[in-house]
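The values are calculated or read from the model by the stated rules, or taken from the named source; none is laboratory data. Small disclaimer: the values here were computed from a predicted structure and weren't measured. Cβ placement follows ideal geometry from the backbone for every residue including glycine, while neighbour counts extend to all protein chains displayed.
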Amino acid sequence: MDYITAPGRHTGQWPVHLMACDTIAAKNMLLGLQLNSYPSSEYGNSFDTLLAVVQASEQAGLDSVWMADHFMFPDVQHPEREVPVMECYITLAAVAALTRRIRIGELVTGVPYRNPALLAKMAATLDVVSHGRSIVGLGAAWHEPEFKAYGWPFPPLRERMEMLEEATQVMDRLLAQRPASFHGKYYTVQDAYNDPAPVQKPRPPIMIGGSGERVTLRLVAQYAEFSNVFGDSATVAHKFDVLRQHCAAVGRPFDHITRCNHTGIMIARDETALEAKRKRFPRFEGVAGTPEQVIAQLEAYARAGSQYVTFNLVDDAPVEAIVLLGKSVVPRVAAL
């Protein structure tokens with residue numbers, strides 16, 4: 001693995017009840033694919049097609065694949081349509097059972113959808129199924145239409161951020177301690193056992209997704225091993241500077257957090273093919289180009305301090321695009 005996990009307890013102002021699971025800086029830049037809903041005609045049903053994409057990603061040398069935790073979502077290219085969405089954790093469990101190397105994670109779990117003690121049970125089971133290849137992605141959730149459609153209350157942002165912080169503490173304890181207890185404003189756990197325990201010790205790494213400078217990045221500094229922010233390279237550099245300040249404030253080494261950013265990638269063999277893809281996906285925003293152009297844009301993120309790029313791939317032929325990434329981009333990015 002490209003990471004060193006250092007167990008033990010943190011000191012300083014970082015809360016001492018948290019078990020350490022420090023992810024020391026990656027040795028090179030790694031890539032992780034956020035899985036989409038794919039047309040099912042070529043490989044079978046929706047899962048068969050997704051699995052083909054995952055297996056191509058594993059063979060291409062990507063470090064990870066991720067599932068968004070949504071229940072319904074509009075098509076980015078055709079906002080009047082809804083895209084098919086498979087449930088995040090069930091899909092990842094199936095992927096884990098049918099792969100051998102690639103890591104898996106949620107980008108990211110919407111905390112208000114589920115009780116965090118249940119989430120901890122699901123995350124522990126997923127780590128067992130994957131033989132220790134899971135990353136736990138957590139976020140406050142934001143897509144109000146699916147809250148309303150599915151009958152969940154949609155709390156104000158401040159309340160959702162408070163729920164995220166408590167849920168992260170609950171999951172940290174339930175994934176690392178036996179028994180575990182927690183008493184907070186929103187959640188209570190009393191002498192709970194979460195067995196079988198995760199394979200990774202003391203627990204799987206936690207990613208907190210989001211770029212909020214006042215609260216989200218402070219939560220990353222206190223509780224997480226991965227940060228995941230958004231924006232162009234200049235924005236990403238700024239967000240990491242803010243994260244560094246939060247780490248200093250809580251007494252945590254900045255290099256104990258894997259700095260990650262999210263973007264979209266559209267890759268084509270040459271300019272002619274790229275122009276055709278731009279016409280098919282006119283709303284695309286992100287990294288776009290031939291392999292050399294994609295590498296140059298990812299290099300800009302590396303200069304901004306990013307060690308890990310998660311991306312959604314925009315393409316009518318995702319397996320073909322992943323093969324191209326594996327041959328032309330992944331080895332070069334690994335040297336950044």
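Just so you know, in the stretch 144-155 the residues that are on the phi < 0 side of the Ramachandran plot and free of Cβ contacts under 8 Å to residues at least 60 places away in the same chain include one that is surrounded by the most Cβ atoms within 10 Å (Cβ to Cβ), and it is Phe147. In this structure, Met86 does satisfy being in contact with a helix residue (DSSP H, G or I) (Cβ under 8 Å, 6 or more places away or on another chain), of a type in the set (A, V, I, L, M, F, W, C) and under 16 Å from Asn312 (Cβ atoms). Within the stretch 144-159, the set of residues being within 14 Å of Arg114 (Cβ to Cβ) and assigned to a helix (DSSP H, G or I) comprises Glu146, Phe147, Tyr150. For Ala192, the stated conditions hold: it is in contact with a helix residue (DSSP H, G or I) (Cβ under 7 Å, 6 or more places away or on another chain) and either farther than 29 Å from Tyr308 by Cβ or among the hydroxyl-bearing types (Ser, Thr, Tyr) (or both). For the stretch 243-255, the set of residues classified as surrounded by fewer than 19 Cβ atoms within 10 Å (Cβ to Cβ), assigned to a helix (DSSP H, G or I) and not charged (D, E, K, R) consists of Gln245, Ala248, Ala249, Val250, Phe254, listed by residue number. Residues in the stretch 313-335 that are in contact (Cβ under 8 Å) with a residue 60 or more places away in the chain and closer than 20 Å to Arg303 by Cβ: Val329, Val330, Pro331, Val333, Ala334, Ala335. Taking (1) modelled with pLDDT under 95; (2) small (Gly, Ala, Ser); (3) in contact with a strand residue (DSSP E or B) (Cβ under 6 Å, 6 or more places away or on another chain) in turn, Ser134 satisfies each apart from (1). Quick one: in the stretch 203-241, of everything that is of a type in the set (A, V, I, L, M) and assigned to a helix (DSSP H, G or I), which residue is farthest from Gln177 (Cα to Cα)? So the residue we want is Ala234. Inside the stretch 61-97, residues that are under 18 Å from Thr49 (Cα atoms), within 16 Å of the chain's Cα centre (by Cα) and of a type outside the set (A, V, I, L, M) make up a count of 6. Of the numbered criteria (1) at pLDDT 95 or above; (2) in contact with an Asp or Glu (Cβ under 9 Å, 6 or more places away or on another chain); (3) not polar (S, T, N, Q), the one Gly105 fails is (2).
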